[in-house]
Structure formats: C-alpha cells, structure tokens
Amino acid sequence: MSTATVRIDSRTHKLLQEIKKNSGEPMQTIISKALEHYKEVQFWNEVSEAYLQLRTDKKAWREELNERRLWSRTLKDGQ
C-alpha cells in the first residue's frame, strides 16, 4: 500500500491521539474510517437534497409516487 503525508493542525492531531488511545487503532485506520464515514454522510446528504428538489416538482413527484406503488406490488410476488 502506498502512503502520503498530510499536514494536520495540532488540534486534529491531539484528537487523533485521543481516539487512538481509546480505541487502540492506528491513526491511519482512524483517518480512513473517518473519511469513509464522511463520504457516506455526503452521499446521503446529496440523496436528501435530490429528493427535496424532486418534491418541489409536483408532476415529477407524482410520477415518483406512482412508480413506488408499481414497485411495491412486485414485492408481493410469490407470496
């Protein structure tokens, strides 16, 4: 695995040290997990924003709800 050096401020480094002490995980693992979590939060924020925009378009939102109803029927197949 290749590595890179990243500069962080002393406050962030202190926080990393505290988390490392409490979790026993290496700083690299903590940073990786934090970034994955951040990426996931960004994704869901974008999804939420897209749905908010969709709901402002009454025709598009009605089409979305109709499609959901159609898909919900397929969930009952074979039961």
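Remarks
- Note on 32, 10: ascending count of other Cβ atoms within 10 Å places them as 10, 32, the fewest first.
- Semi-axes of the equivalent ellipsoid of the chain are 44, 18, 11 Å, computed as sqrt(5λ) over the eigenvalues of the C-alpha gyration tensor in descending order.
- A crude spin-label estimate for the pair residue 44 and residue 27, with each label 7 Å from Cα along the Cβ direction, gives 2.9 nm.
- Under 12 Å, Cβ to Cβ, from residue 42 - net charge with Lys/Arg +1 and Asp/Glu -1: -3
- Within-14-Å neighbourhood charge of residue 19 [Cβ basis; K, R +1; D, E -1]: +3
- Neighbourhood net charge (14 Å Cβ-Cβ; Lys/Arg +1, Asp/Glu -1) for residue 8: +2
Read the figures in this text as sums done on the coordinates, not as results from a lab. As the structure is a computational prediction, the values presented were derived from the model and not from experiment. Because the Cβ atoms are built from the backbone with ideal geometry, glycine has one as well, and the counts that use them run over all protein chains shown.
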